[in-house]
Amino acid sequence: MDSTNSRAIHQRCSRSVYRRPYESPPTPAPAHQRTDNLVERIGRQKAIVAGALLACAGVLVLTLVTPWQVSLVGYVLVGLGCANIAPALFSLAGSQNRMPQAIAITAVSTLGFAGILAGPALIGFAANHFGLIAAFVGVAIALLLVAVSTRWLRA
């Protein structure tokens, strides 16, 4: 297949997938820029605390509230809360001076990937033994621990 045909196919697929303005890929960029400005104003540690508490509230709304319309609000809270936790942690790791920056960034990245890989398995394990609601309340508690643990972070 030549490049002209593949470009035309890509354009048709792009138009069919992204029909509404809020579904287009550039949409998250302005929202992320606004939250970056907020992080600059309040500081990285306070942004991590606020994000973790917001995400915790979102997980509790998702878990404990029945109407699906309200659970959409929970998803929004989780998304807004978690959006700047990882970038703030990477920034803090890069600005610390206890260890070389490359090792600190690698450690944060490794812990993040470990959470991505182990998180679903741990939630499933907890749900199997304690129930799904208890498992998600455990996720909310873990987010509270993220908020509390920022008192030991040093910029």
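The values are calculated or read from the model by the stated rules, or taken from the named source; none is laboratory data. Remember, predicted model here, so these are calculated numbers, not experimental data. Here the Cβ is made from the backbone with ideal geometry for all residues, glycine too, and neighbour counts use every protein chain on show. Keep in mind that these areas ignore ligands, DNA and RNA; they rest on the heavy atoms of the full protein, side chains included. Shrake-Rupley method; radii C 1.70, N 1.55, O 1.52, S 1.80 Å.
Is it fair to say Ala104 is touching a helix residue (DSSP H, G or I) at 6+ places or on another chain (Cβ under 9 Å), in a helix (DSSP H, G or I), of a type in the set (A, V, I, L, M, F, W, C) and open to solvent by less than 60 Å² (accessible area, probe 1.4 Å)?
yes
Would a scan of the stretch 91-98 turn up a residue that is at negative phi, without any contact (Cβ under 8 Å) to a residue 60 or more places away in the chain, in a helix (DSSP H, G or I) and touching a Ser or Thr at 6+ places or on another chain (Cβ under 8 Å)?
No, the stretch 91-98 contains no residue that is at negative phi, without any contact (Cβ under 8 Å) to a residue 60 or more places away in the chain, in a helix (DSSP H, G or I) and touching a Ser or Thr at 6+ places or on another chain (Cβ under 8 Å).
Just to be sure, is Leu111 at pLDDT 95 or above, assigned to a helix (DSSP H, G or I) and open to solvent by 50 Å² or more (accessible area, probe 1.4 Å)?
no
Touching a residue at least 60 places away in the same chain (Cβ under 8 Å), open to solvent by less than 40 Å² (accessible area, probe 1.4 Å) and more than 20 Å from Val39 (Cβ to Cβ): which single residue out of Ala135, Ala140, Ala127 fits that description?
Answer to the selection: Ala140.
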